[in-house]
Amino acid sequence: MSIPGAEQCDLSGLARAAQTGGEAEIAALLTRVREIAHRYARVRLCTYPSGQQLADDVTQDICLAILAALPRYRDTGRPFEAFVHGVASRKVADAQRAMARHPILTADFADGPDEDPSPEDHVVRSSELESAMRLLEQLPPQLREVMLLRVAAGLTAEETGAALGMRPGAVRVAQHRALSKMRALACQVQEVSHD
């Protein structure tokens, strides 16, 4: 069951409808929250072992936390996306801390040929990811968050702006600045490595 026009409705409107409505309104809200939460968790946890499964688990935790907090949520004028982003960032941080404390279990060996990417593919991808993360770490926190949400998580400028309390135009400008800074930093790294 879906709410007519829910795709076009902003998340704050869906949250208000879910607070006063029934199961259909809550389902519509959680569908949108899950999309945002999963993109965010996937980006933040992709470098961890079993990152996809961990992102799925954290996404469920985020949705449950939003559902539990919904009756007490009060609209203060900030977009509901900002509330979702706050919950998501805390749940992801909890998962990262838990991964640092617990041993990682490995799967049994398969009987057939391995169709997964080769070790070389993993090394190249890991190296590229590490390089990108090093460049991101050199950005100011707000530019880094814009890049993670816009590029890695695939959020629109409007969704990113709502999550970070920025206008969509300011998000685009921040993304342009971040990309320019990352390009300059990458050029500096290449110049140093050729010397």
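The values are calculated or read from the model by the stated rules, or taken from the named source; none is laboratory data. Keep in mind that what you see is a predicted model, and the values were worked out from it rather than measured. Methodologically, a virtual Cβ is constructed for each residue, glycine included, from the backbone with ideal geometry; neighbour enumeration extends over all protein chains shown. The area values use the complete protein model at the heavy-atom level, side chains included, leaving out ligands, DNA and RNA. Shrake-Rupley method; radii C 1.70, N 1.55, O 1.52, S 1.80 Å.
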Whole-percent carbon and sulfur share, accessible surface of the chain, 1.4 Å: 55
0 to 90° range, to nearest 10: angle between helix 23-45 axis and the chain longest Cα axis: 20
Label-point gap, in nm, between Arg78 and Ser118 - each point 7 angstrom along Cα→Cβ: 4.9
Solvent-accessible surface ranking, highest first, for Met147, Met133 at 1.4 angstrom: Met133, Met147
Accessible area per residue, Å², the chain with all protein chains present, probe 1.4 Å: 64
Given charges at beta-carbon only (K, R positive; D, E negative), |dipole| of the chain in Debye: 1220
Computed FRET value (nearest 0.05) for Val189 with Ala100, which takes r as the C-beta separation and R₀ as 25 Å: 0.35
Accessible-area value, Leu70, 1.4 Å probe, nucleic acids and ligands omitted, Å²: 10
Charge sum, other residues only, whose C-beta stays under 13 Å from Arg172's C-beta, Lys/Arg counted +1 and Asp/Glu -1: +1
Cα-based helix-to-principal-axis angle, 11-20 vs the chain, degrees rounded to 10: 40
Candidates Arg150, Arg39, Arg125, ranked by Gaussian network fluctuation over the chain, Cα under 10 Å, top entry: Arg125
For the chain, convex hull volume per residue from C-alpha positions, Å³: 167
Euclidean distance between Cα centres, the stretch 48-66 to the stretch 120-195, Å: 23
Angle in degrees between helix 168-194 and the longest Cα principal axis of the chain, rounded to the nearest 10: 10
GNM flexibility winner over the chain from Arg32, Arg101, Arg44 (Cα, springs under 10 Å): Arg101
Contour minus Cα-Cα distance for Thr47 and Ser89 (0.36 nm per residue): 13.5 nm
Heavy-atom SASA rank of Ser118, Ser193 (probe 1.4 Å, accessible area, largest first): Ser193, Ser118
